[in-house]
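Scroll down for the structure; my scribbles are underneath it.
The values are calculated or read from the model by the stated rules, or taken from the named source; none is laboratory data. As the structure is a computational prediction, the values presented were derived from the model and not from experiment. Cβ atoms come from the backbone with ideal geometry, glycine included; neighbour counts cover every protein chain shown.
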Amino acid sequence: MQVLKFGGSSVANAENINKAVAIIKNKKSVTKTVVVVSALGGITDLLLKTAALAEANDESYKIILKEIEDKHLGAAQELIPVQQQSSVLSLVKKICNEVEDICNGIFLLRELSARTKDRIVSYGELLSSQIIAAKLNAAGLAAEWKDAREIIVTDSNYGMAVVDFSATNKKASTFFGASAASLFIIPGFIAADKNNITTTLGRGGSDYTAAILAAALDASVLEIWTDVSGMMTADPRLVTNVKHIPQISYQEAMELSHFGAKVIYPPTIQPVMKKGIPVWIKNTFAPEESGTVIMNEATATGTSIQGISSINHIVLLSLEGSGMVGIPGFSKDCLKHWRTHPSM
Ligand code: ADP
Ligand code: ASP
Ligand code: MG
């Protein structure tokens, strides 16, 4: 069993999805394969924007919804031969109508709860995974689509739900054990609580979905396919002369990601580390490049620093004064005050 995950830029449009499909085709013959996908690049943000506009009673949410629908219909039309398009096109339309119905409700009520936000963003991964499943099937790679909400069980902490591993592991082994398929396609990021209400795993959470499934199924490998050729010594978008890290330990990868290396979503490491499953970070746009493997040991680099990460929009407040000593909650109140009067 192997688990492959393709991020938002890897599935941003038909051209990129074709690259991802070529990679899946190449890998598929080896063993049973689970493919986890993100929403088409930028769609999660657009869905959130639509919901926020509807809540603000701004009718322009309809324009963005149209943009979302057109983007998915266009990708499906480009990817799938005309004779096989009708079922996927009507599925895309049905899903988009559902999003519109929910947004109409938000608009009328001027109310958007965290629970409804999760429901809205879930459609990004539902759309992308259905289109990619249809593409794989049209390309002759019999792929079984499965809703992650029927496997991954969480609490009801909308926006950043906590996984119930024992329930999830049971559901995963029952489903994958019973299915005869050898290629599965699963929407990342989304899950459900014990009442079957949609939840999400936090922004960037598709990496985590893939790791949860890899651990549940004792996969031999987890591959994260993204837009960089592995982990670098710093964020390549910010630093020009970064170096590629060929091998890194779970511990080091976890630290780098916790402190801003966005290439991997921080909670991803935990489940795979427990099982000792190697994680490869590979580039969808340069699959021949070696990438980075995250495993128990790091390579000796001859330096004590593996990489440097950074986090934007952070403020360091230094509070001092004798009035603080022994007064519980003082720093919290200062922070609250500073948030409402940031110029102070
Ligand atoms: P995906 O959509 O595939 O999940 P992300 O945008 O979440 O991709 O993560 C990939 C991005 O992570 C890269 O484009 C890069 O800018 C950023 N990044 C930040 N720090 C690092 C790092 N140390 N090594 C590699 N990429 C990094
Ligand atoms: N689509 C979600 C996001 O943009 C999850 C992911 O891409 O991993 O945060
Ligand atoms: Mg990511």
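Considering only the stretch 24-47, state which residues are within 13 Å of ligand 1 (Cβ to nearest atom) and in a helix (DSSP H, G or I). Within the stretch 24-47, 43, 44, 45 qualify.
This table checks each residue for (1) at pLDDT below 75; (2) away from ligand 3 (no atom under 16 Å from the Cβ); (3) basic (Lys, Arg).
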{"site": "262", "(1), (2), (3)": "no, no, yes"}
{"site": "273", "(1), (2), (3)": "no, yes, no"}
{"site": "287", "(1), (2), (3)": "no, yes, no"}
{"site": "292", "(1), (2), (3)": "no, no, no"}
{"site": "296", "(1), (2), (3)": "no, yes, no"}
{"site": "312", "(1), (2), (3)": "no, no, no"}
{"site": "330", "(1), (2), (3)": "no, yes, no"}
{"site": "336", "(1), (2), (3)": "no, yes, yes"}
{"site": "343", "(1), (2), (3)": "yes, yes, no"}
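Answer yes or no as to whether residue 230 is within 15 Å of ligand 3 (Cβ to nearest atom), surrounded by fewer than 21 Cβ atoms within 10 Å (Cβ to Cβ) and small (Gly, Ala, Ser). No, not satisfied. Might you let me know whether the stretch 191-206 holds any residue that is away from ligand 1 (no atom under 11 Å from the Cβ), within 13 Å of the chain's Cα centre (by Cα) and within 16 Å of residue 35 (Cβ to Cβ)? Among the residues of the stretch 191-206, not one is away from ligand 1 (no atom under 11 Å from the Cβ), within 13 Å of the chain's Cα centre (by Cα) and within 16 Å of residue 35 (Cβ to Cβ), which makes the answer no.
Can you tell me which residues in the stretch 207-235 are outside any helix (DSSP H, G or I), closer than 20 Å to residue 20 by Cβ and away from ligand 1 (no atom under 12 Å from the Cβ)? Answer for the stretch 207-235, where residues must be outside any helix (DSSP H, G or I), closer than 20 Å to residue 20 by Cβ and away from ligand 1 (no atom under 12 Å from the Cβ): 219, 221, 222. In the stretch 106-126, the residues that are farther than 23 Å from residue 41 by Cβ never reach a residue that is polar (S, T, N, Q) and in a helix (DSSP H, G or I) with C-beta atoms less than 6 angstrom apart, at least six apart or across chains. Of the numbered criteria (1) crowded, with 20+ Cβ neighbours inside 10 Å; (2) within 22 Å of residue 93 (Cα to Cα); (3) touching a residue at least 60 places away in the same chain (Cβ under 8 Å), the one residue 61 fails is (3).
Looking only at the stretch 69-83, decide whether some residue is more than 21 Å from the chain's Cα centre (by Cα), farther than 24 Å from residue 20 by Cβ and either of a type in the set (Lys, Arg) or assigned to a helix (DSSP H, G or I) (or both). Taking every residue of the stretch 69-83 in turn, none turns out to be more than 21 Å from the chain's Cα centre (by Cα), farther than 24 Å from residue 20 by Cβ and either of a type in the set (Lys, Arg) or assigned to a helix (DSSP H, G or I) (or both).
Could you run through the stretch 38-62 and say how many residues are under 15 Å from the mean Cα position of the chain (by Cα) and of a type in the set (Gly, Ala, Ser)? Counting residues in the stretch 38-62 that are under 15 Å from the mean Cα position of the chain (by Cα) and of a type in the set (Gly, Ala, Ser) gives 4. Taking the stated definitions as given, is residue 211 at negative phi and crowded, with 18+ Cβ neighbours inside 10 Å? Against the criterion (at negative phi and crowded, with 18+ Cβ neighbours inside 10 Å), residue 211 qualifies.
Quick grid of which residues meet (1) crowded, with 20+ Cβ neighbours inside 10 Å; (2) aliphatic (A, V, I, L, M); (3) over 15 Å from the mean Cα position of the chain (by Cα):
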| position | (1), (2), (3) |
| --- | --- |
| 131 | yes, yes, yes |
| 136 | yes, yes, yes |
| 166 | no, no, yes |
| 187 | yes, no, no |
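Among the residues of the stretch 221-238, those that are more than 16 Å from ligand 2 (Cβ to nearest atom) and in contact (Cβ under 8 Å) with a residue 24 or more places away in the chain comprise 221, 229, 230, 231, 232, 233, 234, 235, 238. Based on this model, can you work out whether residue 220 counts as within 16 Å of ligand 3 (Cβ to nearest atom) and hydroxyl-bearing (Ser, Thr, Tyr)? Criteria not met by residue 220. Scanning the stretch 99-129 for residues that are of a type in the set (S, T, N, Q) and farther than 23 Å from residue 87 by Cα, we see that the one that is surrounded by the fewest Cβ atoms within 10 Å (Cβ to Cβ) is 113.
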